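The values are calculated or read from the model by the stated rules, or taken from the named source; none is laboratory data. All values derive from a computational prediction rather than experimental measurement. Cβ sites come from the backbone with ideal geometry, for glycine too, and all protein chains shown count toward neighbours.
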Amino acid sequence: MKISAKAEYACVAMVELATRFGTGQPVQIKAIAEAHNISQRFLVQILLQLKGAGMVASSRGMSGGYQLARTPDAISLADVVYCIDRAPEAAAFTGLHPSPITQSLRELWKEVTSVEQQLLEKTSLSDLAERSRNNEAYYYQI
């Protein structure tokens, strides 16, 4: 599966917001950008796109920023990825003549795409936030 850098940054930002969900404090773009080495300008564009899809809410002012518009368990990874990148299509053969072999491979590619989509749909931001908390115990930086 190919996911664009923009979609990956969107996922990182959304999981970051999910880890801070419930604090009542919006997260500033600068904090997300610095923590994950993402351009602030690019992150603004991404968050505006996610806001347009109703996944994040923003607030202005000194203590302004972004927060999830829904609970982390109500937003799937598919919601985020497909907001930024359109849903993937199964690989297609170009220039190959139809045959039992190419038909079999096309069917397999459709199955692979379907399984990927199902995994993205069943994985919530809450699931990823929990994974990141578990990984923090193993992450050491010197």
What's the total number of residues in segment 62-84 that are assigned to a helix (DSSP H, G or I) and either surrounded by fewer than 18 Cβ atoms within 10 Å (Cβ to Cβ) or hydroxyl-bearing (Ser, Thr, Tyr) (or both)?
3
Of the numbered conditions (1) under 13 Å from the mean Cα position of the chain (by Cα); (2) part of a helix (DSSP H, G or I), Lys2 satisfies every one except a single condition; which is it?
(2)
Output yes when any residue across segment 14-22 is hydroxyl-bearing (Ser, Thr, Tyr), within 19 Å of Ala129 (Cβ to Cβ) and part of a helix (DSSP H, G or I), and no when none is.
yes
Those residues of segment 25-40 which are surrounded by 14 or more Cβ atoms within 10 Å (Cβ to Cβ) and assigned to a loop (DSSP other than H, G, I, E, B), in sequence order:
Pro26, Gln28, Ile38
For the structure I just gave you, tell me whether Ser59 is loosely packed, with under 12 Cβ neighbours inside 10 Å and either modelled with pLDDT of 95 or more or over 19 Å from Ala33 (Cβ atoms) (or both).
no
